Amino acid sequence: MSIEVGSVVEGVVTGITNFGAFVELPEGKVGLVHISEVADVYVKDVHDFLKERDQIKVKVLSVDERGKIGLSIKQLQEKKEEAAQPAQNSSPRPQYGARDFRKQGRYGGGNLSASFEDKLSKFLKDSDERLTDLRRKTDSKRGGRGSRRSD
């Protein structure tokens, strides 16, 4: 069985580091499950989730030209949850309290059709005004060019 991107394979954890876990795959190849691909929750220490010699199923994320294999445990878990979720919630309920943040905000301002350039220019203008106000306030307090000197 060749190892291809997107395939699900079973392997054995051969080593654990502070950045992930090495997994021996079929045909004697070794891949890495990066710490960000171990679980859906924040992983501070890989040892909390895996032990050496654990049999695990992983999804192949990447195989580069040097033969490095990127693996994920997290993406297999997401698939299972997505498949199980529609069966649990057969009738969709309205979400009360849900807000559309695109309509609000300092720079969005309700105009959803504004171009990126318009939003960027508004942001730069607002930012420049704030920096000018800040400079005025701080220069007078620390004796900068805007302060008065009494002779």
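Nothing in this text is a laboratory measurement; each read-out follows from the coordinates by a stated rule. This is a predicted model, so every value here is computed, not measured. Neighbour counts are summed over all protein chains in view; Cβ atoms, including those assigned to glycine, are modelled from backbone coordinates with ideal geometry.
Test of the criteria: in the stretch 8-51, which chymotrypsin sites (Phe, Trp or Tyr not before Pro) are in a DSSP loop and have at most 16 other Cβ atoms within 10 angstrom of their Cβ? Please report the intermediate quantities before stating the final value.
Details: sites: F19, F22, Y42, F49; in loops: F19, Y42, F49.
Taking the stretch 8-51 and a limit of 16 other Cβ atoms within 10 Å, the loop chymotrypsin sites (Phe, Trp or Tyr not before Pro) found are F19, Y42.
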With a/c under 1.5 counting as rounded, go ahead and sort the stretch 8-80 into rounded, prolate or oblate using the C-alpha gyration tensor (a ≥ b ≥ c being the square roots of the eigenvalues; past the cut-off, prolate if a/b is larger than b/c, else oblate).
rounded
